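The values are calculated or read from the model by the stated rules, or taken from the named source; none is laboratory data. Predicted, not measured: the structure shown is a model, and the values here were computed from it. Glycine gets a Cβ as well: all are built from the backbone with ideal geometry, and neighbour counts include every protein chain shown.
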Amino acid sequence: MIDTSPSPPHGASAPAAHEAALLEVQGLRKSLSVADGSMLEVTRDVSFSLRAGEFISIVGPSGAGKTTLLRAISGLIPIDGGSVTHRGVAVRSVPDWMSIVFQEYNKSLFPWLSVRKNVLLPVRKLAKADADERIEEALRLVGLSDFAAQYPWELSGGMQQRVALARAMVSRPELLLMDEPFASVDALTRTNLEDMVQELWRNLGFAGLLVTHDINEAVYLSDRVLCLSSRPSRVLAEIEIDLPRPRDRHTRAMPEFHALSERVLSYIEHPESAGSEDLPAAYPTNPTQPPADGIQTLRKKR
Ligand SMILES: Nc1ncnc2c1ncn2[C@@H]1O[C@H](COP(=O)(O)OP(=O)(O)O)[C@@H](O)[C@H]1O
Ligand SMILES: [Mg+2]
């Protein structure tokens, strides 16, 4: 069985949540070289912190550099300046406490491997019995126990993204990064996948970091939404999402849900109007400072 106790799934020897932010991003800068040999400044100054067990989204217009930011945070590409730290230690290359789900499941899943073998990849170094148990559990969590022997291309888009979620869950990550994970599926499937992610997050205790251009999705899933400017990107605002949990279709009908979505949209559409109440000055500058709301409180809210 998956451990659903309050300690982080991988955190047997990790410090308590209040000792340091789970993930701290400070002044991250990243430029990419483009075809003519010049440098494109994508990310100018992004800072935020993520507490253990928290769910935050980063929303910004297309081309703002969300994918680049996520790749830089995960160690897939090097950063030019600033820092990314996990419990106070610099993040380099993709660490085993982190899983990533990308938008394009058809590129991230291996078509020549069965569903089971795709999910096996992150745990292939475990003893066979342990790996088998993890795979069974991960497939059960996403409702695909009966599809282990199929190939990804035999499944619908939504099911393939569930395979990607199972592969992300099988290593029992402390942090799940998601890059527009539901952008390539139809609206109804998308809503179901959002609810599935919420359920996984509530039951398994990982922290979530979602980048998306979909404001409603960000508000629906998150404890906080960070609004990103267009390129070169910086954080314009941080908005606390205090909607009750668990969230469901009734949440989407609440006036508060619409008011929060409008507030996020106002920053994306009119960045110059960033109000002082939402300015990201509230980020802890000292990562050892106790967070206002620790993992226990977050868990109660779930
Ligand atoms: N590998 C790359 N090399 C050069 N430029 C890139 C590369 N990837 C993305 N870009 C450019 O960087 C900018 C930000 O891209 P991206 O991070 O994909 O934005 P988003 O995910 O917010 O849509 C875009 O203008 C894009 O064209
Ligand atoms: Mg992108």
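Only one entry of 101, 84 meets the criterion of being more than 16 Å from ligand 2 (Cβ to nearest atom) and of a type outside the set (Lys, Arg), and that entry is 84. Can you say whether residue 114 is more than 15 Å from the chain's Cα centre (by Cα) and among the small types (Gly, Ala, Ser), as far as the supplied structure shows? When the stated conditions are applied, residue 114 passes them. Each residue in the stretch 178-211 was checked for being polar (S, T, N, Q) and either over 15 Å from residue 142 (Cα atoms) or in contact with a Phe, Trp or Tyr (Cβ under 6 Å, 6 or more places away or on another chain) (or both), and 1 pass. Annotation: of all residues in the stretch 128-166 being over 19 Å from residue 203 (Cβ atoms) and small (Gly, Ala, Ser), the one that is nearest to the chain's Cα centre (by Cα) is 158.
It is to be established whether one or more residues within the stretch 231-239 are part of a helix (DSSP H, G or I), crowded, with 21+ Cβ neighbours inside 10 Å and of a type in the set (Val, Ile, Thr).
no
Between 70, 121, the distinction of being of a type in the set (A, V, I, L, M) and within 16 Å of ligand 1 (Cβ to nearest atom) belongs to 70 only.
For (1) more than 16 Å from ligand 2 (Cβ to nearest atom); (2) surrounded by 20 or more Cβ atoms within 10 Å (Cβ to Cβ); (3) among the acidic types (Asp, Glu), each residue gets a yes or a no:
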{"site": "137", "(1), (2), (3)": "yes, no, yes"}
{"site": "141", "(1), (2), (3)": "yes, yes, no"}
{"site": "144", "(1), (2), (3)": "yes, yes, no"}
{"site": "157", "(1), (2), (3)": "yes, no, no"}
{"site": "167", "(1), (2), (3)": "yes, yes, no"}
{"site": "179", "(1), (2), (3)": "no, yes, yes"}
{"site": "186", "(1), (2), (3)": "yes, no, yes"}
{"site": "196", "(1), (2), (3)": "yes, no, no"}
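Can you tell me which residue is surrounded by the fewest Cβ atoms within 10 Å (Cβ to Cβ) among those in the stretch 72-122 that are basic (Lys, Arg) and modelled with pLDDT of 95 or more? This residue is 117. Answer yes or no as to whether residue 193 is more than 16 Å from ligand 1 (Cβ to nearest atom) and either more than 29 Å from residue 124 (Cβ to Cβ) or charged (D, E, K, R) (or both). Taking the combined requirement at face value, the residue does not satisfy it.
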